Amino acid sequence: MTQSVAPAEQRSGKGPGEVVLEVRNLTKHFPVGTLFRPKAVKALNDVSFTISRGQVVALVGESGSGKSTTARLISRLMPPTSGEIILRGKNVLKTEPHRPSLSYRKEVQMIFQDPFGSLNPVHTISHHLERPLEIHKMVTDKNLLGRVHELLETVGLTPPDEAARKYPYQMSGGQRQRVAIARALAVEPEIILADEPISMLDVSIRMGVLNLMEQLKEERGIGFLYITHDLASARYIGDRTMVMYTGYLVEAAESRELMEQPAHPYTQMLMAAVPNPEGGLIKKKAEARGEIPSLTDMPPGCPFAARCPKVMDICKRSMPGRTQLSQTSDHWVRCHLYGQGEEKQATTTAQL
Ligand SMILES: Nc1ncnc2c1ncn2[C@@H]1O[C@H](COP(=O)(O)OP(=O)(O)O)[C@@H](O)[C@H]1O
Ligand SMILES: [Mg+2]
């Protein structure tokens, strides 16, 4: 997505509302290896952020950086190794530790990358939308079809009676992703976790799906976690952007500030690889070098140290905490170039 369009914060003109979802120090280590040689894939480490009403928070990172793991933990498809998930002030891993309540499953919906895989080929579109309405008792039987049609209209699938009768194979990828969004909307959620929702769609229809998400944020106040590996789409729709590297959030800020003043060398490297819409050329050559470390064998210190053009001695010894760079756009970074971090540090000097 490289169209030159005004970024989210300029179009909406509205700030986000109150915090709906907060995650604190979310960590996921997958046990692998053998009984005698146990190992762990350190997929997610110490991840904290909030999503407010009517706010799109973009989570950007390369493949394997932990983005989907973040969404799966929040949707509670699997438990975290440690950390907290707080929905509207309720610490849900404490109040409903074993499985998410029906109410949590209603409030936090997920949209997946693959619109083919997420719909059942033997059922009509109508069936896909009726199920959540019935399970969560959203309407009476009498109003069921009317509500299905309303949802289809909301996501731009018209005429709705025709769309409702179709099977998934009779729809395009973009239409199927709209059905997935309608299904999430059916239960009137507060948060939608959208895991690379446009990356499998044709370029020509990506913008339509992003605009639909924005309309839902504006009109219904839904908060989104928008997961992508594409900085341009993060800037387009994200009020805020967070950058993830090897399971760590390394920088976050309002999207425009992050793109205009990237502080972390990794964010700077990502920015350098974004095609420039004006010239259509790469701005400058990314200075990438070295390898992404193995998640089962993470070196002590900052995980970007091996690739960082500005690496210092301390980077190889300890992982810095967050340093706040700007209060107004809540811009923070985890990098020794800006200090040790103001929060308690996850220092790894003990491993030296
Ligand atoms: N069930 C699992 N067991 C072991 N490793 C896993 C499992 N799920 C994900 N991983 C690993 O965790 C890391 C992060 O994966 P993921 O969150 O899917 O990344 P992303 O969505 O950013 O591409 C990857 O190295 C992946 O192989
Ligand atoms: Mg993923």
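Some notes on this structure:
- Residue selected from the range 78-103 under the condition touching a residue at least 24 places away in the same chain (Cβ under 8 Å) and within 18 Å of the chain's Cα centre (by Cα), by the criterion nearest to Lys28 (Cα to Cα): Pro80
- Checked across the range 130-150, the condition of being among the hydroxyl-bearing types (Ser, Thr, Tyr), farther than 23 Å from Arg53 by Cα and at pLDDT 95 or above holds for no residue.
- Of all the numbered requirements in (1) among the charged types (D, E, K, R); (2) surrounded by 19 or more Cβ atoms within 10 Å (Cβ to Cβ); (3) within 16 Å of ligand 2 (Cβ to nearest atom), Glu62 misses one, and that requirement is (2).
- Qualifying positions in the range 236-256 - farther than 18 Å from Ser318 by Cβ and of a type in the set (A, V, I, L, M): Ile237, Met242, Val243, Met244, Ala252, Ala253
- For the range 86-126, the set of residues classified as crowded, with 17+ Cβ neighbours inside 10 Å and within 16 Å of ligand 2 (Cβ to nearest atom) consists of Met110, Ile111, Phe112, Gln113, Pro115, Ser118, listed by residue number.
- Sole exception among (1) of a type outside the set (A, V, I, L, M, F, W, C); (2) in contact with a Lys or Arg (Cβ under 7 Å, 6 or more places away or on another chain); (3) buried (at least 21 other Cβ atoms within 10 Å of the Cβ) for Gly83, by number: (3)
- Phe49 being at pLDDT 95 or above, within 11 Å of ligand 1 (Cβ to nearest atom) and assigned to a strand (DSSP E or B): no
- Only one entry in Pro38, Pro31 is modelled with pLDDT under 95, within 11 Å of ligand 1 (Cβ to nearest atom) and surrounded by fewer than 17 Cβ atoms within 10 Å (Cβ to Cβ), namely Pro31.
- Leu129 meets each of the listed conditions (1) within 16 Å of ligand 2 (Cβ to nearest atom); (2) over 27 Å from Gly17 (Cα atoms); (3) crowded, with 21+ Cβ neighbours inside 10 Å; (4) among the hydrophobic types (A, V, I, L, M, F, W, C) apart from (1).
- The set of residues from the range 181-240 being away from ligand 2 (no atom under 16 Å from the Cβ), crowded, with 18+ Cβ neighbours inside 10 Å, of a type outside the set (A, V, I, L, M, F, W, C) and in a loop (DSSP other than H, G, I, E, B) comprises Pro189, Glu190, Gly238, Asp239.
Yes or no, residue by residue, for (1) within 23 Å of Leu119 (Cβ to Cβ); (2) at pLDDT below 95; (3) more than 16 Å from ligand 1 (Cβ to nearest atom); (4) in contact with a Leu (Cβ under 7 Å, 6 or more places away or on another chain):
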residue	(1), (2), (3), (4)
Ala164	yes, no, yes, yes
Arg178	yes, yes, yes, yes
Glu190	no, no, yes, no
Asp195	yes, no, no, no
Met207	yes, yes, yes, no
Ile227	yes, no, no, yes
Leu231	no, yes, no, yes
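- Residues of the range 138-161 satisfying the condition of being farther than 25 Å from Met200 by Cα and in a helix (DSSP H, G or I): Asp141, Lys142, Asn143, Leu144, Leu145, Gly146, Arg147, Val148, His149, Glu150, Asp161
The values are calculated or read from the model by the stated rules, or taken from the named source; none is laboratory data. Values in this document were obtained by computation on a predicted structure and should not be read as measured data. Because the Cβ atoms are built from the backbone with ideal geometry, glycine has one as well, and the counts that use them run over all protein chains shown.
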